[in-house]
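The values are calculated or read from the model by the stated rules, or taken from the named source; none is laboratory data. None of the values given here were measured: they were computed from a predicted structure. Here Cβ is always computed from backbone atoms with ideal geometry, including for glycine, and neighbour counts include all displayed protein chains. Surface accessibility is based on the protein's heavy atoms, side chains included, excluding ligands, DNA and RNA. Shrake-Rupley method; radii C 1.70, N 1.55, O 1.52, S 1.80 Å.
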Amino acid sequence: MEHNRVPMVAGNWKMNGDQDLVNQFSKELKTQALSCAVVICPPSVYLPLFSDHDFSLGAQNVSHLQNGAHTGELSVSMLKEVGADYVIVGHSERRESQQESSKLVAQKAKNAVEGGLTPIVCVGEPLNIREQETVEPYIAEQLKALTELLSVDAMKQCVIAYEPIWAIGTGKTATPQQAQEVHAFIRRTLNAHAEELGEGIRLLYGGSVKADNAKQLFSQPDVDGGLIGGASLKVEDFIAICRAAN
Ligand code: 13P
């Protein structure tokens, strides 16, 4: 089936980086002719410090609420105002440490779309689920929360990142085949929800993507790029990964 999914590489700095790294990325990426879409997701306080950059910016989280007495939270409109076009929602680190449910993640994704941010919705299984060979029902549940709350048109605005938890920050990446299998499953599931819905949605792989394994992962038919953690903190590694997606 024909599709027009331009590959994307997104860097998730997590709670790392500083003004110096902001400057490095703004400067170095400009000299590269990259044909994939590039998104940098620094800690939100750094978003307004990127000046004169030629990639998109994203936040790593957003409140599911609009505004009001919610100390420490940031809204969709605030993130947009300081330059974000994307927001990561449902990262496994937040699902675990902040007890974010799939329902809450879906609410965040919905608000993001309604407010004009593209959500990068993370899904992915822990090791015991992989060992029990119940990855598909586990991912299906995470997707169901999303498709139950978002309209088909809103779903079309989402990017989905498959990040197996056992591969995050461990140096233990999924094999290209393991990634492809789950990505194909996600696309099939979305297609079953609404005709051809899955065909237009970008599916990123995340979990120990490095300059030396990116090409193999990204060359899988249903892998449209990556969500990069550790290797997004070194500009030359990140550029090499972007090249692998070209
Ligand atoms: P690593 O690339 O460090 O494994 O992190 C992946 C990730 O969690 C990106 O969101």
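Identify all residues within segment 189-215 that are more than 15 Å from the ligand (Cβ to nearest atom) and either touching a helix residue (DSSP H, G or I) at 6+ places or on another chain (Cβ under 6 Å) or open to solvent by less than 10 Å² (accessible area, probe 1.4 Å) (or both); write none if there are none. Thr189, Leu190, Asn191, His193, Ala194, Leu197, Gly198, Ile201, Lys215, listed by residue number. Mind checking whether some residue in segment 51-73 is away from the ligand (no atom under 16 Å from the Cβ) and in a helix (DSSP H, G or I)? No, segment 51-73 contains no residue that is away from the ligand (no atom under 16 Å from the Cβ) and in a helix (DSSP H, G or I).
Would segment 160-173 turn up any residue that is away from the ligand (no atom under 15 Å from the Cβ) and in a helix (DSSP H, G or I)? Walk me through it before giving the result.
Taking segment 160-173 and keeping what is away from the ligand (no atom under 15 Å from the Cβ), we get none.
No: zero hits.
Here is a list: Leu117, Leu57. Which entry is of a type in the set (A, V, I, L, M), free of Cβ contacts under 8 Å to residues at least 40 places away in the same chain and open to solvent by less than 10 Å² (accessible area, probe 1.4 Å)? Step by step, each of Leu117, Leu57 is checked, and only Leu57 is of a type in the set (A, V, I, L, M), free of Cβ contacts under 8 Å to residues at least 40 places away in the same chain and open to solvent by less than 10 Å² (accessible area, probe 1.4 Å).
Out of all the residues in segment 139-159, which are assigned to a loop (DSSP other than H, G, I, E, B) and among the charged types (D, E, K, R)? Break it down stepwise before answering.
If we filter segment 139-159 for residues that are assigned to a loop (DSSP other than H, G, I, E, B), which is where we start, we get 150-151, 156-158.
Correct list: Lys156 only.
Could you tell me whether Ala244 is touching a Leu at 6+ places or on another chain (Cβ under 9 Å), of a type outside the set (S, T, N, Q) and at pLDDT below 95? Talk me through it step by step, then tell me what you get.
Working: touching a Leu at 6+ places or on another chain (Cβ under 9 Å): yes; of a type outside the set (S, T, N, Q): yes; at pLDDT below 95: no.
No.
The one condition from (1) within 16 Å of the ligand (Cβ to nearest atom); (2) touching a Lys or Arg at 6+ places or on another chain (Cβ under 9 Å); (3) modelled with pLDDT of 95 or more; (4) not in a helix (DSSP H, G or I) that Asp222 does not meet is (1). Scanning segment 73-93 for residues that are open to solvent by 30 Å² or more (accessible area, probe 1.4 Å) and closer than 22 Å to Val22 by Cβ returns Leu74, Met78, Lys80, Glu81, Val82, Gly83, Asp85, Tyr86, Glu93.
Against the numbered list (1) more than 30 Å from Gln216 (Cβ to Cβ); (2) without any contact (Cβ under 8 Å) to a residue 24 or more places away in the chain, Thr31 comes up short only at (1).
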